[in-house]
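To start, the structure under review is shown below, and the notes come after it.
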Amino acid sequence: MKILVTGATGFIGRHLITELIAGGHEVIALGLEDRKTLSFPWLDKVRYIQYDLSENSADCYDRFHRPDRLIHLCWAGLPNYKELFHIEKNLFESYFFIKQLVLGGVKDVTVLGTCFEYGLQEGCLSEDADARPVNPYGLAKDCLRKFLQELNLKHPFNFKWVRLFYLYGAGQNKNSILELLKQALDNNDEVFNMSGGEQERDYLPVEKVAEYIAKISMKDDFCGIVNCCSGRPVSIRSLVENYLRENHKSIKLNLGYYPYPDYEPMAFWGNNNKLRKLIEE
């Protein structure tokens, strides 16, 4: 199976490539970086192509060696969720890139969505809940899904939308809470400033996310939306305290230093019944 992966050098991509190679697949990996600057252990096991989606090449299907499947992870500018470039740039670049590949001959497309499509809805959220995004990032992702659904009506392809919740692990953005905590510990800071920590979220390790994406993308009998999540709510404070306990570290938590973000509900997590059924099949 020949699989094209965009965003291959990103947080999830670098782990997904490892997963796909282990599954015996031929991988064409797209990234913004020059190959000479990369040092991933899988680099010599894939066809790596430096590519910017803004190029919008009409011949990309042939240029990328006529892949059987596409897994589209690429999305620039995170975690700046409120910036308009998600709507004005990322949305359209992703749509036209995917469209060119579909017109070329790709028959199976898996795209990464986001829990931010649910907006400010609280509690356990299932895939049939309405999308109510409240920031440009969530809105752009929701629009991309709807654009691709319309494309699918005119040019049929197997379309999977993997709605990602929260994750952690090697290669994560330096501004994520666990990475900031690690920096504080490395700096021997006396206190760690954070919010009140009462928010409840849904977390998975990035390796597990990569495993799930790989398995979902291989499902020929599945189309539609699936939550990629643990199905279990965990408070931000518990996440931090668990990390400290598991790593035998200690630091004073300055709770309430930061206000709660206005683009997220206080408590939400994913219903993973559909995911578990897909993975177990």
Give the percent of DSSP beta bridges with both residues in the chain that are antiparallel, rounded to the nearest 5. 5 percent
Relative contact order in percent for the range 199-250 (Cα pairs under 8 Å, 6+ apart) equals 57 percent
Once each part is reduced to its C-alpha centroid, what is the distance from the range 154-223 to the range 1-64 in angstrom? 20 Å
For helix 177-186, report the angle its Cα long axis makes with the longest principal axis of the Cα atoms of the chain; keep it between 0 and 90° and round to the nearest 10°. 60 degrees
Counting DSSP beta bridges with both partners in the range 119-273, what percentage is antiparallel, nearest 5? 10 percent
Just the number, please: Stokes-Einstein D of the chain in µm²/s, Kirkwood Rh from C-alpha pairs, 4 °C, 1.567 mPa s. 66 µm²/s
P(r) histogram, all alpha-carbon pairs of the range 45-105 included - 10 Å bins from 0, percent: 20, 50, 24, 6
Contact order relative to length of the chain, as percent, for alpha carbon pairs under 8 angstrom and 6 or more apart: 20 percent
With a 10 Å Cβ neighbour count serving as the proxy for reagent exposure, in which order, fewest first, do 37, 110 appear? 37, 110
Calculate, axis by axis, the spread of Cα positions in the range 95-142 along the three principal axes, and write the results as whole Å, longest axis first. 41, 21, 13
Along the charge dipole of the chain, pointing to its positive end and built from +1/-1 on Cβ of Lys, Arg, Asp and Glu, which listed residue (263, 153, 118) has its Cα farthest out? 153
Percent of Cα-Cα distances greater than 19 Å, calculated over the range 1-119: 46 percent
Please list, by residue number, everything in the range 131-150 whose backbone N is under 18 Å from a paramagnetic label point 7 Å out along Cα→Cβ of residue 87. 131-148
Ranking of 226, 134, 5, 162 by count of other Cβ atoms within 10 Å, fewest first: 134, 162, 226, 5
What Kirkwood hydrodynamic radius do you get for the range 80-193 when you take the inverse of the mean 1/r over all pairs of distinct Cα atoms, in Å? 16.3 Å
Enter the angle in degrees (range 0 to 90, nearest 10) between the Cα long axis of helix 206-217 and the first principal axis of the Cα atoms of the chain, meaning the one along which they spread out most. 30 degrees
Only helical DSSP H runs with n ≥ 4 go in: add -39500 (n - 2.57) per run for the chain, normalise by residue count and round the 222 nm mean residue ellipticity to 500 deg cm²/dmol. -9500 deg cm²/dmol
Percent of all alpha-carbon pairs of the range 159-232 at distances over 20 Å, whole number, is 46 percent
How many times 2.2 N^0.38 Å is the alpha carbon radius of gyration of the range 122-281? 1.19
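Each reported figure results from applying straightforward, stated rules to the coordinates on display, with no laboratory input. Note that the structure is a prediction, hence the values are computed from the model and not measured. Glycine also receives a Cβ, built like all others from the backbone with ideal geometry; neighbour counts cover every protein chain displayed.
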